[in-house]
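K.L.:
First the structure, then my questions, so here it is.
The values are calculated or read from the model by the stated rules, or taken from the named source; none is laboratory data. Worth saying up front: this structure is predicted, and the values here are computed from it rather than measured. Here the Cβ positions follow ideal geometry from the backbone for every residue, glycine too, while neighbour counts run over all protein chains shown.
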Amino acid sequence: MQEKDLYPIIFQRKSIRKYDLDPLDEDILKEIKDYLQTLKPLHKDIKIEFKILSPNAVIRRAMRKAPHYMAVFSEVKEGYLSNVGYMLQQMDLFFSANGLGSCWQGIPALKKEGLASSRLKFIILMPFGKPQEILHRTKTSQFKRKSLQEISDIKGADDLLETARLAPSARNAQEWFFTGNEHLIHAYYRKPSFISGFLIKKYPPMDVGISLYHLKLGAEHFGKETEFIFDNPEDNNLNDYEYVASLRLT
């Protein structure tokens with residue numbers, strides 16, 4: 001496995017749900033564990049842990065079985081969900097770049113042995129392994145996504161915003177919105193309704209974290225220096241949205 005340029009994978013990746021159930025070679029698992037140590041956080045002050053678990057530690061519910069599961073545990077503090085999304089998406093693209101399938105899954109849960117593997121709060125699972133279906137898309141028209149006009153009012157940055165548009169999200173809802181300009185992009189998510197908030201409230205900020213990693217990759221691909229700041233502009237006029245972070249490009 002190699003630390004490849006992940007930018008092209010944005011335009012090819014897909015969620016994989018059918019796996020070869022044979023466990024991966026121990027050398028490959030070691031390379032995955034080594035890569036976990038290189039992940040960059042969105043929030044450096046939040047404790048987070050990644051554990052590779054066997055299917056025996058997972059309650060799959062309606063989801064298909066996979067040979068391995070990446071479980072994410074986190075300290076609970078402001079920004080922790082977007083931080084999870086930002087960091088785990090790095091693994092999602094890394095898997096896809098190295099011939100492995102993966103998929104964000106919020107339905108499965110952990111058995112006691114899985115929960116006991118960390119003292120932090122369990123957040124989400126990502127199954128992974130050798131795919132038993134086509135791994136990559138061949139064209140962006142195969143993505144079912146909202147248009148750029150539906151997710152942003154920024155002018156002159158379509159190529160960059162396309163990376164965020166193609167990011168995965170829970171239920172493929174794309175509840176994010178990007179405003180600002182080509183030098184400073186502010187990221188928000190639509191606040192869930194009172195009823196849906198009980199069921200899906202953790203996913204929109206996590207989804208924005210995923211899209212922010214795509215934006216950073218895109219900006220660096222276009223030769224930009226990037227910096228995340230967390231200063232919500234007071235004149236955003238987005239009353240139905242919650243602020244997550246801003247990406248400064250120079």
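K.L.:
Just to be sure before I move on: is residue 108 assigned by TED's automatic domain parsing to the domain that holds residue 56, on the phi < 0 side of the Ramachandran plot and surrounded by 15 or more Cβ atoms within 10 Å (Cβ to Cβ) in the structure I sent?
P.N.:
yes
K.L.:
For region 80-89, check the following and say yes or no: at least one residue is touching a Lys or Arg at 6+ places or on another chain (Cβ under 6 Å) and either in the same structural domain as residue 16 (by TED's automatic domain parsing) or in a helix (DSSP H, G or I) (or both).
P.N.:
Yes, that holds for at least one residue.
K.L.:
Residue by residue through region 58-75, note down the ones that are out of contact with any Phe, Trp or Tyr (no Cβ under 7 Å at 6 or more places or on another chain) and not in a loop (DSSP other than H, G, I, E, B).
P.N.:
59, 69
K.L.:
Kindly evaluate residue 145 against the criterion of being touching a residue at least 12 places away in the same chain (Cβ under 8 Å) and either assigned to a helix (DSSP H, G or I) or under 30 Å from residue 181 (Cβ atoms) (or both).
P.N.:
yes
K.L.:
So, in region 16-54, how many residues would count as being of a type in the set (Ser, Thr, Tyr) and surrounded by 15 or more Cβ atoms within 10 Å (Cβ to Cβ)?
P.N.:
The qualifying residues number 2.
Conditions (1) free of Cβ contacts under 8 Å to residues at least 12 places away in the same chain; (2) over 28 Å from residue 27 (Cα atoms); (3) out of contact with any helix residue (DSSP H, G or I) (no Cβ under 8 Å at 6 or more places or on another chain); (4) not charged (D, E, K, R), marked per residue:
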position: 77; (1), (2), (3), (4): no, yes, yes, no
position: 81; (1), (2), (3), (4): no, yes, no, yes
position: 84; (1), (2), (3), (4): no, no, no, yes
position: 91; (1), (2), (3), (4): no, no, no, yes
position: 99; (1), (2), (3), (4): no, no, yes, yes
position: 109; (1), (2), (3), (4): no, no, yes, yes
position: 116; (1), (2), (3), (4): yes, no, yes, yes
position: 120; (1), (2), (3), (4): no, no, yes, yes
position: 124; (1), (2), (3), (4): no, no, no, yes
